[in-house]
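Below is one structure, written out as structure tokens; comments come after it.
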Amino acid sequence: MDDSPLYRSQELDLDLFGSGSLGQDTLEHISGSRFRHHSLWGGGGGATFFFCRYVGVGGEFDAEDRTDHFFDSADGNIFLRVPILETGLAPYIFGGGGYQFEDFRQSFGQAGGGLEFRFCRHFGIFVDGRYVFAEQSENYAEARAGFRLAF
């Protein structure tokens, strides 16, 4: 039996988030002007199932400020989280891959980490970042912040 009321095994999490991304060239030559003119903003949603308190598998979709497709990319990840006692905090890392439908149709791999804070058993907020290894285009970094519902 799990002794944590905030993070449980056999837990389904649903996410809604806002996101922003920067290409590799912008990251290497960062400036205020490059950030303003080369950032892509958007959002998305996802679902993750945690088999135990520490390990989960999830999928998500993302849409940025582009026009051709409703979803720009879809991906799947393995999550490893470490709830810190009863503080409500749980740092996590993840890695996986997916497919991008917009600009370049390409596969990608990704790795990242983040932090979640649970206000109560079923509601929390999170922030995370990832580095995306693109198959054809330049690599890029993405940051997300959002809400998480846990069941």
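The values are calculated or read from the model by the stated rules, or taken from the named source; none is laboratory data. This one's a predicted model, so the numbers in the text were calculated from it and none came from an experiment. Quick reminder, even Gly has a Cβ in these numbers, built from the backbone with ideal geometry, and neighbours come from all protein chains shown.
From the list SER137, SER107, which one is surrounded by fewer than 16 Cβ atoms within 10 Å (Cβ to Cβ), part of a loop (DSSP other than H, G, I, E, B) and of a type in the set (Gly, Ala, Ser)?
On inspection, the qualifying residue turns out to be SER137.
Name the residues in the stretch 41-60 that are modelled with pLDDT of 95 or more, of a type in the set (A, V, I, L, M, F, W, C) and part of a strand (DSSP E or B), would you?
ALA47, PHE49, PHE50, VAL55, VAL57
Given the criteria among the basic types (Lys, Arg), within 18 Å of GLY23 (Cα to Cα) and modelled with pLDDT under 95, does ARG130 qualify?
Judged against the criteria, ARG130 is not a match.
Regarding ARG148, is this residue surrounded by 14 or more Cβ atoms within 10 Å (Cβ to Cβ), basic (Lys, Arg) and touching a Phe, Trp or Tyr at 6+ places or on another chain (Cβ under 8 Å)?
Details: surrounded by 14 or more Cβ atoms within 10 Å (Cβ to Cβ): yes; basic (Lys, Arg): yes; touching a Phe, Trp or Tyr at 6+ places or on another chain (Cβ under 8 Å): yes.
Yes.
State whether the residues of the stretch 70-81 include one that is within 15 Å of SER9 (Cα to Cα) and either basic (Lys, Arg) or in contact with a Lys or Arg (Cβ under 9 Å, 6 or more places away or on another chain) (or both).
The answer is yes, given that some residue of the stretch 70-81 is within 15 Å of SER9 (Cα to Cα) and either basic (Lys, Arg) or in contact with a Lys or Arg (Cβ under 9 Å, 6 or more places away or on another chain) (or both).
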